[in-house]
Every structure is written in C-alpha cells, then in structure tokens.
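The values are calculated or read from the model by the stated rules, or taken from the named source; none is laboratory data. Owing to the predicted nature of the structure, the values given are computational and were not obtained by experimental measurement. Here the Cβ positions follow ideal geometry from the backbone for every residue, glycine too, while neighbour counts run over all protein chains shown. For the accessible areas, the whole protein counts, side chains as well, though only heavy atoms, and no ligand, DNA or RNA atoms are used. Shrake-Rupley method; radii C 1.70, N 1.55, O 1.52, S 1.80 Å.
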Amino acid sequence: MQFILLIYNAENNGPQPGTEEFGPYMQGYVDFTEEVKAAGKMLAGDALQSVTTATTVAVREGQVQMMDGPFAETKEQLGGFYILDCEDLDEALAYAAKIPDAALGRIEVRPIMMFD
C-alpha cells in the first residue's frame, strides 16, 4: 500500500539555519531518507518552500478566487512529504515516528487511493 506522510510544523519551530542544532536536525532527514530508500519504501519526497510562496485557488459560482498563503490558518503548516510503499498502516506509522519533525510538529499519515 502507498501512504503519504505529511510533515506539519510551524516554520519558526525547531532548529533554524545558522544555529548549531540545525546541522544535526537536517542530518536526521538525510538519515531517514537514506533508510527508507535502502528499504525500498520511498517513492517520492520533498520539502516545500515557505508558506509565503503559497497561493490558494478556489472556484466559487464560476469565479476563480486566488489568495496568498495556505488555506489553513493554523500555527503549523505543511512543510514537506514522503510517499512510501509500506506493507500496512502499522509500518507507515513506524516510519512516520522516525521523521525528525515528529518530535517538533506532527506527521499526518494517509493511505493513497490508487486508481488503476
């Protein structure tokens, strides 16, 4: 089964670039990515640019509406994702717990609906 692991955190929460803690934090992502690749689980994954670059699009009554920023107005934003091919939800959840931002924010795990 394929699962998407969505990484949510406040952009200013956790180690910031230029700090002593940032290197080990980013190394945690390198290590995790290497682990899921070596296990043959990783299908895709990337970090997203800042929420300041986001544009949200909606169509209401035939009119296109565009708004700067993400749709959700929360403290935590979507910062990146992994798509993994796991045996089951339990395996996907075990991998999600290893993502560095699981200790700082939240990781949402959702099965991907496959249309074959």
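Out of all the residues in segment 40-49, is one or more hydrophobic (A, V, I, L, M, F, W, C), modelled with pLDDT of 95 or more, exposed (fewer than 14 other Cβ atoms within 10 Å of the Cβ) and in a helix (DSSP H, G or I)?
In the first step, residues of segment 40-49 are kept if they are hydrophobic (A, V, I, L, M, F, W, C); the result is 42-44, 47-48.
From the residues that got through so far, the ones that are modelled with pLDDT of 95 or more too are 42-44.
With exposed (fewer than 14 other Cβ atoms within 10 Å of the Cβ) added as a condition, the list becomes 44.
From what's left, in a helix (DSSP H, G or I): none.
For segment 40-49, residues hydrophobic (A, V, I, L, M, F, W, C), modelled with pLDDT of 95 or more, exposed (fewer than 14 other Cβ atoms within 10 Å of the Cβ) and in a helix (DSSP H, G or I): absent.
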Which of the numbered conditions does G80 fail, given that it passes all the others? Conditions: (1) touching an Asp or Glu at 6+ places or on another chain (Cβ under 8 Å); (2) without any contact (Cβ under 8 Å) to a residue 60 or more places away in the chain. (2)
Identity of the residue in segment 50-90, outside any strand (DSSP E or B) and open to solvent by less than 40 Å² (accessible area, probe 1.4 Å), that ends up modelled with the highest pLDDT: C86
For the structure I just gave you, tell me whether M26 is surrounded by fewer than 17 Cβ atoms within 10 Å (Cβ to Cβ) and in contact with a helix residue (DSSP H, G or I) (Cβ under 8 Å, 6 or more places away or on another chain). no
